[in-house]
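K.L.:
Questions regarding the structure given below will be posed in turn.
The values are calculated or read from the model by the stated rules, or taken from the named source; none is laboratory data. What you see is a predicted model, and the numbers here were worked out from it, not measured in a lab. As a convention, Cβ positions derive from the backbone with ideal geometry for all residues, glycine included, and neighbour counts pool all protein chains shown.
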Amino acid sequence: MPLFADATDPWLTLLQFTVIGLTKGSLFALIALGYTMVYGIVELINFAHGDLFMLGSFVAFTILGLFGVQSAGDPYADAGFVLLCFAAAIPFCAALNVAVDRVVYRPLRNAPKLAPLVSAIGVSFIFMNVGLFWGGSQDVNFPNLVSDDNLFGETAKIRFTAKDLMVIGVTVPLMVALTVFVKFTSLGTAMRATAQNPTAAKLMGINTETVIATTFAIGGALAGAASVTYGLYINTISYQIGFQNGLYAFTAAVLGGIGNIPGAVLGALIIGLVVSLGSVYVGERWTSALVFAILIVILVFRPSGLLGSRTREKV
Amino acid sequence: MALLRIDNLNAGYGPVNVLDNVSLTVDAGEIVAMIGANGAGKTTTLMALSGIVRPRNGSSVVFDGDHIESLPPHEIVRRGLAQSPEGRKIFPRLSVLENLNMGAFTRKDRPGIAADLAKSFAMFPILGERKHQAAGLLSGGQQQMLAIARALMARPKLLMLDEPSLGLAPQIVVQIFEVIRDLNQQGMSVLIVEQNARMALKFAHRGYVLETGRVTMTDAASVLLTDPRVRAAYLGE
């Protein structure tokens, strides 16, 4: 974690922690997208999503362990291991998310909304216990494969490390790709159509179950990408990381307007800033309280979120 | 042979039966109207035909020579049975163009889709002028035009229309029905469900009267228009 660049200049401090906040926020955004897309299409808050993210980080951790990777070595080999982690965690999380939908949520598609919600909490507990069994109850060190060196040089007043760059380099292209997919492809348009009116979508000949499975796959894949990035960035993982990061990401999704894709990204960047700036100006121990205060304020005063559409159209 | 033949269609929601052995046919090239009061089961009939409401055991729906009563909705659309639903159900936050493209979701023939888009815009020029706007911004009449054009984008063999006149100004209703007649003259078969019985029977070849889930009368539309029971119950005379 980068420290104060120059504690004597308040503006530099602000700038430094803004950069950190946006970097963290873009990581939250990848997780928040999985919540918001699934909610948009099946109106389910998938509480297991954060824990799916946690399991992804254990997949990456286990793979690095199999190759005996513990710390940075040859940069080319490390780059290969990092790619391997992504190549394993992304399909793992995508497939697991689709499988959970198929086995748990799909049979409850026409049940009252509370039934899948409670089931999601159940899945969350199952995942968390799998994580506990897999990684133990203690924090584990995720190999530190990406450099902490300041890209601007060690004497520069602002720190922006290769790690920060990696986070941006993973999150931004994925968000751009998602936007292009949802806006400009036939399946992406079908996804928006299904979210707006599932019955009408069926009448168009859209197989809505395929669309829903695709949504879970994309949400899971983004969580998988986020999980590896998180491990490489924070370097500590445990079975509990899904809970906290999941709640932050969920708050981000609600803040932006649940079901709204740009909203989730905006909300996540704001939450990232709140966490980062809050730790400087309010105190580290208050950051969770700040985030949940935002959640409560949003739910009370603007439940549709910053970019959320009006309540669903019903004729 | 009939394009659509329904025999003993039973359907409903949960334990409640809405349709009671509905039987009906539509021949190729016909406009058939189904009239009836609110709650008679008209929309349920169309939803059962589209596979949204599952027909109960023993129901038979033969479309273009194949049984479709147990197929999922997307298979039914693929076979050429498309619907413009009650309340229009356009996608409000998709553009007009995207709505029309969704109508063609089951098709892969790009040149054919482009040609049908051009046809939609020729039929309803306002949709062409506003094609990049969100469909939710259209007026009620324009949304109805979009719903019909969207159903036509599937290039159906039979077009089902559920209450196309609902909530529209009288001039717009006439305009919509004239479009339906033009489509029919170009060879489109149409099954139309309406509470505006006078309008529907004026434009249809044959009609069915549906009362609490049963077909109680069927005849040529011109005969139904002069039938004293129909006049008393549905034409307000």
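K.L.:
Enumerate the pairs (first residue in region B:69-95 and at the interface with chain A (Cβ under 7 Å from one of its Cβ atoms); second residue anywhere and of a type in the set (Phe, Trp, Tyr)) with beta-carbon separation below 9 Å, excluding pairs fewer than 6 apart on the same chain, so at least 6 apart or on different chains.
P.N.:
Close Cβ pairs (under 9 Å, with a partner that is of a type in the set (Phe, Trp, Tyr)) amount to B:74/B:105; B:77/B:105.
K.L.:
Spot the failing condition for residue B:162; the list is (1) more than 12 Å from every other protein chain (Cβ to nearest Cβ); (2) surrounded by 19 or more Cβ atoms within 10 Å (Cβ to Cβ), and only one is missed.
P.N.:
Unmet for residue B:162, out of (1) more than 12 Å from every other protein chain (Cβ to nearest Cβ); (2) surrounded by 19 or more Cβ atoms within 10 Å (Cβ to Cβ): (1).
K.L.:
What single numbered condition from (1) assigned to a loop (DSSP other than H, G, I, E, B); (2) loosely packed, with under 14 Cβ neighbours inside 10 Å; (3) at pLDDT 95 or above fails to hold for residue A:122?
P.N.:
The single condition residue A:122 does not satisfy is (1).
K.L.:
Return the total of residues in region B:40-67 being assigned to a loop (DSSP other than H, G, I, E, B) and within 13 Å of another protein chain (Cβ to nearest Cβ).
P.N.:
5
K.L.:
Another one. Across region A:147-168, what is the number of residues that are within 20 Å of the chain's Cα centre (by Cα) and either of a type in the set (A, V, I, L, M, F, W, C) or assigned to a loop (DSSP other than H, G, I, E, B) (or both)?
P.N.:
4
K.L.:
Might you check whether a residue that is over 24 Å from residue A:199 (Cβ atoms) and not in a helix (DSSP H, G or I) occurs anywhere in region B:185-195?
P.N.:
Yes.
K.L.:
Output the number of the condition that residue A:296 fails; it satisfies all remaining conditions of (1) among the aliphatic types (A, V, I, L, M); (2) farther than 17 Å from residue A:33 by Cα; (3) surrounded by 16 or more Cβ atoms within 10 Å (Cβ to Cβ); (4) out of contact with any helix residue (DSSP H, G or I) (no Cβ under 6 Å at 6 or more places or on another chain).
P.N.:
(3)
Residue-by-condition table, conditions (1) surrounded by fewer than 15 Cβ atoms within 10 Å (Cβ to Cβ); (2) within 10 Å of chain A (Cβ to nearest Cβ):
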| site | (1), (2) |
| --- | --- |
| B:99 | no, yes |
| B:106 | no, yes |
| B:112 | yes, no |
| B:116 | no, no |
| B:122 | yes, no |
| B:125 | yes, no |
| B:132 | yes, no |
| B:141 | no, no |
| B:146 | no, no |
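K.L.:
Next question. Tell me whether region A:213-221 contains one or more residues that are surrounded by fewer than 24 Cβ atoms within 10 Å (Cβ to Cβ) and either modelled with pLDDT under 95 or in contact with a Pro (Cβ under 6 Å, 6 or more places away or on another chain) (or both).
P.N.:
No, region A:213-221 contains no residue that is surrounded by fewer than 24 Cβ atoms within 10 Å (Cβ to Cβ) and either modelled with pLDDT under 95 or in contact with a Pro (Cβ under 6 Å, 6 or more places away or on another chain) (or both).
K.L.:
Next question. Looking only at residues that are touching a Phe, Trp or Tyr at 6+ places or on another chain (Cβ under 9 Å) and in contact (Cβ under 8 Å) with a residue 40 or more places away in the chain in region A:62-88, which one is nearest to residue A:122 (Cα to Cα)?
P.N.:
For region A:62-88, the residue satisfying everything is A:62.
K.L.:
Separate question: Which one of these is buried (at least 24 other Cβ atoms within 10 Å of the Cβ), within 14 Å of chain B (Cβ to nearest Cβ) and not aromatic (Phe, Trp, Tyr): A:246, A:188, A:267, A:263?
P.N.:
Only one candidate passes the filter, namely A:263.
K.L.:
Does region A:53-77 hold any residues that are over 24 Å from the mean Cα position of the chain (by Cα) and either under 17 Å from residue A:146 (Cβ atoms) or hydrophobic (A, V, I, L, M, F, W, C) (or both), and which are they?
P.N.:
Listed by number, the residues that qualify are A:66, A:67, A:69, A:70, A:71, A:72, A:73, A:74, A:75, A:76, A:77.
K.L.:
Continuing with this model, one more query. Just one of the numbered conditions (1) assigned to a helix (DSSP H, G or I); (2) crowded, with 18+ Cβ neighbours inside 10 Å; (3) more than 18 Å from the chain's Cα centre (by Cα) is not true of residue A:175; which one?
P.N.:
Only one criterion in (1) assigned to a helix (DSSP H, G or I); (2) crowded, with 18+ Cβ neighbours inside 10 Å; (3) more than 18 Å from the chain's Cα centre (by Cα) is unmet by residue A:175, namely (3).
K.L.:
On to the next question. Tell me the residue from A:147, A:137 that is surrounded by 12 or more Cβ atoms within 10 Å (Cβ to Cβ), more than 17 Å from residue A:227 (Cβ to Cβ) and out of contact with any Gly (no Cβ under 9 Å at 6 or more places or on another chain), please.
P.N.:
A:147 is the lone residue from the list that is surrounded by 12 or more Cβ atoms within 10 Å (Cβ to Cβ), more than 17 Å from residue A:227 (Cβ to Cβ) and out of contact with any Gly (no Cβ under 9 Å at 6 or more places or on another chain).
K.L.:
Working carefully through the options A:237, A:258, find the one that is touching a strand residue (DSSP E or B) at 6+ places or on another chain (Cβ under 9 Å), in contact (Cβ under 8 Å) with a residue 12 or more places away in the chain, buried (at least 21 other Cβ atoms within 10 Å of the Cβ) and of a type outside the set (Ser, Thr, Tyr).
P.N.:
One residue alone meets the criteria, A:237.
K.L.:
Could you count how many residues in region B:166-199 are within 19 Å of residue B:82 (Cβ to Cβ), small (Gly, Ala, Ser) and crowded, with 20+ Cβ neighbours inside 10 Å?
P.N.:
1
K.L.:
Any idea which residue in region B:80-97 is surrounded by the fewest Cβ atoms within 10 Å (Cβ to Cβ), counting only those that are among the basic types (Lys, Arg) and within 25 Å of residue B:194 (Cα to Cα)?
P.N.:
Here the residue is B:89.
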